[in-house]
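Since the structure comes first, as structure tokens, the remarks are kept for the end.
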Amino acid sequence: MNYKDIVDAAKAYTDRYDEELGDHMAAFTRVVEAKINNALRTGDQSCRARIYLRRGEEYYTLPCDWGGARDVELIPDGQQHGKTLVYLAPEQMNALQRENNSSNSGHHYYTIIAGQIQVAPETDNLVLEIVYYQRLPELAQDTDTNWLTEKNPDAYIFGLCTEISAFAKDDASFGTYNERFMSSLMDITMEDQISRWSGPALRTQVEGMVV
């Protein structure tokens, strides 16, 4: 479904076709997308980005659609695999640098501050490969789509119905549609967990032995 299809479905569910509602539909959509971005962390949102590190720099701008880290690795340029970085809270990173342990610990660390990723110790000739959760590409034009509209349009539809009901101060409808909206998000999360962890039972490897 595209954006127009979703808006038309939400209007049909709530039986609202007035011009006043149309004037606010874009704002309602941004609210719904913000709620979805806060609620979901699924495989469908996974995206990969690479940042080339330079000596003398420790802060690098994150992708504009950043929704949270899933995995951060340091990879030598031209190679496929590298070493996973250890996450530290900002205050831990500051303490580590004050103690001057970051250069001789054998580990690299990262933290997230104000839309930037900080990497310590400083390095070059390495690539920072980030697998992150991508925020929903916004719907604006009638023909716009994204992965959620194609796979789970009900989340958008019932999210919009919830906002329309709140706008109309219809508490009964708000409760009904909000419940369906939350249920759709739970279904997406459950489906993601099933698809991500389906297959043989997980096994633990200890010092070369698989348990």
*Check GLY106, GLY68, GLY82 and return the single one that is modelled with pLDDT under 90, at positive phi and not charged (D, E, K, R).*
GLY106
*For the range 111-148, enumerate the residues that are closer than 17 Å to HIS81 by Cα, charged (D, E, K, R) and surrounded by 14 or more Cβ atoms within 10 Å (Cβ to Cβ).*
GLU129
*In the range 126-145, how many residues are out of contact with any Phe, Trp or Tyr (no Cβ under 9 Å at 6 or more places or on another chain) and not in a strand (DSSP E or B)?*
1
*Please report, ordered by residue number, the helices (runs of 4 or more DSSP H) entirely within the range 1-110 with at least 2 residues that are closer than 30 Å to ALA166 by Cα, touching a residue at least 60 places away in the same chain (Cβ under 8 Å) and open to solvent by less than 80 Å² (accessible area, probe 1.4 Å).*
3-14, 19-39
*Inside the range 5-58, can you point out the residues that are among the aromatic types (Phe, Trp, Tyr) and within 27 Å of the chain's Cα centre (by Cα)?*
PHE28, TYR52
*With THR162, THR189 as the choices, which residue is of a type in the set (S, T, N, Q), more than 23 Å from ASP18 (Cα to Cα), modelled with pLDDT of 90 or more and open to solvent by less than 80 Å² (accessible area, probe 1.4 Å)?*
THR189
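The values are calculated or read from the model by the stated rules, or taken from the named source; none is laboratory data. Remember, predicted model here, so these are calculated numbers, not experimental data. Positions of Cβ are backbone-derived with ideal geometry, glycine not excepted, and every protein chain shown enters the neighbour counts. Remember, those area values only see protein heavy atoms, side chains included, never the ligands or the DNA or RNA. Shrake-Rupley method; radii C 1.70, N 1.55, O 1.52, S 1.80 Å.
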